[in-house]
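Read through the structure below, which is laid out as structure tokens, and then see the notes.
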Amino acid sequence: MTRAWRKWGLTMSMAMVLPTGTLPAQPSPFVPVHDPAYAQIDQLVGSGLVRTVLYGQRPYTQREIARLVREARAQLAQRDASRDAAAPPPAGGTSAASRRVLAQLAARFGDDPSARAAAQRTLDGELAWLDSPARAIPPAPTGFIDDATVNPLLNARAGRRYGQGPTVALEPRMVQPLGRHLLLTAAARLSAGGHPGPGGTSGGDPRFAQAALQEATLGTSFRNLVLEVGRQPLQWGPALDGGLLLSASSRPLDLVRIRTEAPWRAPSLLKWLGLLRGTILLADLGAGQNFPHAKVGAYRLSGQVTSYFELSAQVLVQGGGRGSPGTSLRERVIDFIPALKYSLPDDTTQFSNKLAGWDMRLRIPPLQGLQLYWEAAFDDMDPRRWRSTAWEDGGHIVGASMGQLAPGGALTAAAEFHHTGLRYYRHTVFASGVAFNGTLLGSPLGPMGDAGVVRLVHDAGTGRRARLQLAVERRGGDVWANAWDTPATDNFRFVLVTPRPAEWRHRATLELERDGVHGHRTAVHAGLERVRDAGFVRGAGRWNMIAGLRTNWR
């Protein structure tokens with residue numbers, strides 16, 4: 001384990017400094033993670049038209065999607081040239097739906113990755129009705145999460161605020177090049193809603209009117225390195241809505257980030273890693289933390305080892321802030337690199353909270369575009385107790401997707417299993433938890449959870465899309481404490497203090513989307529959730545629901 005971490009640490013350092021190729025000096029704007037382009041890219045990957053793709057770091061830039069479109073077009077031309085144009089496509093050939101989807105992506109993003117960013121203006125409008133109260137995460141002897149709540153019908157919405165009852169919102173977004181070297185991206189959210197006061201079907205929520213900065217980033221690039229400062233949404237990991245460290249449910253982070261723009265090939269010494277993409281960031285968690293302005297430092301390296309296998313490693317460390325436990329710069333560096341943490345003597349005081357792990361993805365296009373993936377990340381890894389580290393202190397996402405189902409290959413299906421451990425995202429010293437402004441940075445499942453998720457997406461490339469998602473979630477209610485035999489925490493273990501019923505949630509959501517003229521897009525969505533033993537109270541249950549309309553003008 002230590003040797004592997006050392007290898008990844010060396011490679012990560014090289015990924016941050018080695019340039020590759022000739023790219024424009026201006027970075028490319030991101031495509032929002034809820035954009036239908038991502039499901040369409042999944043469909044092309046399943047068809048085998050795209051091979052050099054790294055799933056582990058989203059959102060993608062417009063330049064990256066243009067690169068994928070160019071690759072898909074080249075692959076499609078090779079397939080067409082290899083058979084008689086008058087003959088029907090052979091088994092495993094490119095479906096009609098994939099061809100139409102590729103044409104749509106090409107029309108939106110082009111196929112020239114070297115093209116400079118153009119000024120863009122978009123406007124999103126939303127009208128929603130919600131009856132689903134948020135629930136706090138109870139404190140426990142194993143740690144606290146004071147700065148996050150659970151409300152699954154609002155998952156994958158980047159922490160946007162909704163009132164109980166009606167909510168209306170507008171989101172203007174702009175992309176503006178500033179000269180030849182800078183790019184400004186900004187998005188605001190103007191929203192209002194909620195019941196007039198206590199009462200109503202779900203306890204009510206005071207009316208609110210809010211103007212919030214959803215995103216604001218100033219970026220510049222040099223060769224293959226991009227430096228960005230501002231507020232950004234991030235999604236790491238191979239899962240549908242992000243992974244265990246950073247997900248699409250978290251509010252965008254205020255950060256400084258350095259990343260590689262395009263995938264680059266590792267030097268000969270590390271050529272077994274294939275194509276690489278890396279990112280490193282430092283984010284401020286704001287004044288609402290129990291240690292105001294605590295920081296998060298994180299880095300991730302993703303490598304496409306072969307055309308069909310992707311491997312990533314990642315680390316996230318929470319620490320600092322006004323009044324927090326202090327330590328030396330040396331100890332903070334050791335804490336940030338697991339290879340050093342477990343091979344050198346280090347400070348044993350609780351001056352940080354850390355998660356570290358890896359994920360992998362295997363693609364098998366001939367089997368209906370089958371992809372298999374697994375992410376594992378550990379909170380408080382301890383080499384003396386691998387079993388409890390792996391499960392009680394571990395988180396896992398195991399999934400499979402098929403991108404070429406139904407007649408014409410228009411259906412994409414995915415299924416996932418999620419698990420989070422007893423102390424996941426909790427901490428006794430950093431009592432706000434691994435959270436920011438009311439949302440967990442990682443999985444919205446929270447600690448002590450298990451879930452199964454199935455998602456079906458139908459897109460025949462005709463401008464009409466449908467998405468159905470079913471989920472079953474179990475959140476444990478038992479109260480556990482830590483125990484050990486010596487001051488060195490020998491024989492560390494978890495002890496059951498108070499048994500309580502688990503909370504079960506069964507949920508279904510449906511979204512129907514249609515493209516209009518001049519880039520206009522409209523979607524209607526609805527969700528229904530049944531909660532059993534709500535709040536870990538036996539016999540308590542309720543129905544939650546959401547419905548809404550979204551529209552986008554480009």
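The values are calculated or read from the model by the stated rules, or taken from the named source; none is laboratory data. Computed from a prediction, not measured in an experiment: that's the story for all the values here. A quick note on method: Cβ atoms are made from the backbone with ideal geometry, for glycine too, and the neighbour counts reach across all protein chains shown.
Would you mind telling me which numbered condition in (1) charged (D, E, K, R); (2) out of contact with any Gly (no Cβ under 6 Å at 6 or more places or on another chain); (3) in contact (Cβ under 8 Å) with a residue 60 or more places away in the chain; (4) more than 21 Å from Val495 (Cβ to Cβ) Lys354 fails?
Every condition holds for Lys354 apart from (3).
Here are some conditions: (1) of a type outside the set (A, V, I, L, M); (2) closer than 18 Å to Gly438 by Cα; (3) surrounded by fewer than 21 Cβ atoms within 10 Å (Cβ to Cβ). Pro177 meets all but one. Which one does it not meet?
For Pro177, the exception is condition (2).
Return the residue satisfying two criteria in turn: it lies in region 515-526 and is at pLDDT 95 or above and surrounded by fewer than 16 Cβ atoms within 10 Å (Cβ to Cβ), and of such residues it is farthest from Val150 (Cα to Cα).
Taking the candidates together, the pick is Thr522.
Kindly provide the set of residues from region 269-283 that are under 16 Å from Ser352 (Cβ atoms) and surrounded by fewer than 18 Cβ atoms within 10 Å (Cβ to Cβ), ordered by number.
Leu282
All but one of (1) of a type in the set (A, V, I, L, M); (2) modelled with pLDDT under 95; (3) not in a loop (DSSP other than H, G, I, E, B) hold for Leu227; state the number of the condition that does not hold.
For Leu227, the exception is condition (2).
Hey, among the residues in region 120-155 that are of a type in the set (D, E, K, R) and in a loop (DSSP other than H, G, I, E, B), which one's nearest to Thr498 (Cα to Cα)?
So in region 120-155, the residues of a type in the set (D, E, K, R) come out as 121, 124, 126, 131, 135, 146-147.
In the following step, the residues that additionally are in a loop (DSSP other than H, G, I, E, B) were identified as 146-147.
Working: Asp146: 20, Asp147: 24 Å.
My answer is Asp146.
All but one of (1) small (Gly, Ala, Ser); (2) free of Cβ contacts under 8 Å to residues at least 60 places away in the same chain; (3) surrounded by fewer than 17 Cβ atoms within 10 Å (Cβ to Cβ) hold for Ala66; state the number of the condition that does not hold.
All conditions are met except number (3).
Quickly run through region 474-512 and pick out the residues that are among the basic types (Lys, Arg) and under 30 Å from Thr349 (Cα atoms). Explain how you work it out, then say what you get.
Residues of region 474-512 that are among the basic types (Lys, Arg), as a first pass: 474-475, 493, 500, 505, 507.
Matches in region 474-512: Arg493 only.
Looking at the structure I just gave you, is Glu529 part of a strand (DSSP E or B), free of Cβ contacts under 8 Å to residues at least 60 places away in the same chain and surrounded by 15 or more Cβ atoms within 10 Å (Cβ to Cβ)? Walk me through how you get there before you give the answer.
Working: part of a strand (DSSP E or B): yes; free of Cβ contacts under 8 Å to residues at least 60 places away in the same chain: no; surrounded by 15 or more Cβ atoms within 10 Å (Cβ to Cβ): yes.
The answer is no for Glu529.
Considering only residues of region 43-56 that are surrounded by fewer than 23 Cβ atoms within 10 Å (Cβ to Cβ) and touching a Ser or Thr at 6+ places or on another chain (Cβ under 6 Å), which is farthest from Arg116 (Cα to Cα)?
Selected residue: Arg51.
Give me the pairs: first residue in region 271-285 and under 10 Å from Ser302 (Cβ atoms) and in contact (Cβ under 8 Å) with a residue 60 or more places away in the chain, second residue surrounded by 23 or more Cβ atoms within 10 Å (Cβ to Cβ) and among the hydrophobic types (A, V, I, L, M, F, W, C), beta-carbon distance under 8 Å, and six or more apart or on different chains, which are they?
Leu276/Ala15; Leu276/Leu301; Arg277/Ala15; Arg277/Leu301; Gly278/Ala15; Gly278/Leu301
Have a look at Arg538, Arg507 and point out the one that is assigned to a strand (DSSP E or B) and either at pLDDT 95 or above or surrounded by fewer than 16 Cβ atoms within 10 Å (Cβ to Cβ) (or both).
Working: Arg538 fails: assigned to a strand (DSSP E or B).
When all the criteria are applied, what remains is Arg507.
When the residues of region 284-303 are filtered to those that are at pLDDT below 95 and touching a helix residue (DSSP H, G or I) at 6+ places or on another chain (Cβ under 8 Å), which remaining residue is surrounded by the fewest Cβ atoms within 10 Å (Cβ to Cβ)?
By that ranking, first place goes to Gly303.
Is there any pair with a first residue in region 169-192 that is assigned to a loop (DSSP other than H, G, I, E, B) and a second that is among the hydrophobic types (A, V, I, L, M, F, W, C) and surrounded by fewer than 16 Cβ atoms within 10 Å (Cβ to Cβ) whose Cβ atoms are under 7 Å apart and which are 6 or more apart or on different chains, and what are they?
Arg180/Ala25; His181/Ala25
Can you confirm whether Ala248 is surrounded by fewer than 18 Cβ atoms within 10 Å (Cβ to Cβ), under 27 Å from Gly163 (Cα atoms) and among the aliphatic types (A, V, I, L, M)? It would help to see each step written out before you state the result.
Values: surrounded by fewer than 18 Cβ atoms within 10 Å (Cβ to Cβ): no; under 27 Å from Gly163 (Cα atoms): yes; among the aliphatic types (A, V, I, L, M): yes.
Spelling it out, it is not the case that Ala248 is surrounded by fewer than 18 Cβ atoms within 10 Å (Cβ to Cβ), under 27 Å from Gly163 (Cα atoms) and among the aliphatic types (A, V, I, L, M).
Mind listing whichever residues of region 23-38 are modelled with pLDDT of 90 or more and of a type in the set (A, V, I, L, M)?
Val31, Ala37
Which is touching a helix residue (DSSP H, G or I) at 6+ places or on another chain (Cβ under 7 Å), in contact (Cβ under 8 Å) with a residue 24 or more places away in the chain and more than 30 Å from Asp42 (Cβ to Cβ), of Arg505, Arg538, Arg500?
Working: Arg505 fails: more than 30 Å from Asp42 (Cβ to Cβ); Arg538 fails: touching a helix residue (DSSP H, G or I) at 6+ places or on another chain (Cβ under 7 Å).
Exactly one residue qualifies, and that residue is Arg500.
Of everything in region 36-49, what is outside any helix (DSSP H, G or I) and either closer than 14 Å to Thr462 by Cα or without any contact (Cβ under 8 Å) to a residue 12 or more places away in the chain (or both)? Give them in sequence order. I'd like the intermediate steps shown before the answer.
To start, the set of residues in region 36-49 that are outside any helix (DSSP H, G or I) comprises 36, 48-49.
Selection gives Pro36 alone.
Of the conditions (1) of a type outside the set (D, E, K, R); (2) touching a Gly at 6+ places or on another chain (Cβ under 7 Å); (3) modelled with pLDDT under 95; (4) not in a loop (DSSP other than H, G, I, E, B), Gly163 clears all except one; give me its number.
The number of the failed condition is (4).
Only one of (1) in contact with a helix residue (DSSP H, G or I) (Cβ under 9 Å, 6 or more places away or on another chain); (2) modelled with pLDDT under 95 fails for Ser328. Which number is that?
It is condition (1) that Ser328 fails.
Tell me the residue from Pro172, Pro141 that is farther than 26 Å from Arg464 by Cβ and either of a type in the set (Gly, Ala, Ser) or at pLDDT 95 or above (or both), please. Let's see the steps before the verdict.
Numbers: Pro141 fails: either of a type in the set (Gly, Ala, Ser) or at pLDDT 95 or above (or both).
Only one candidate passes the filter, namely Pro172.
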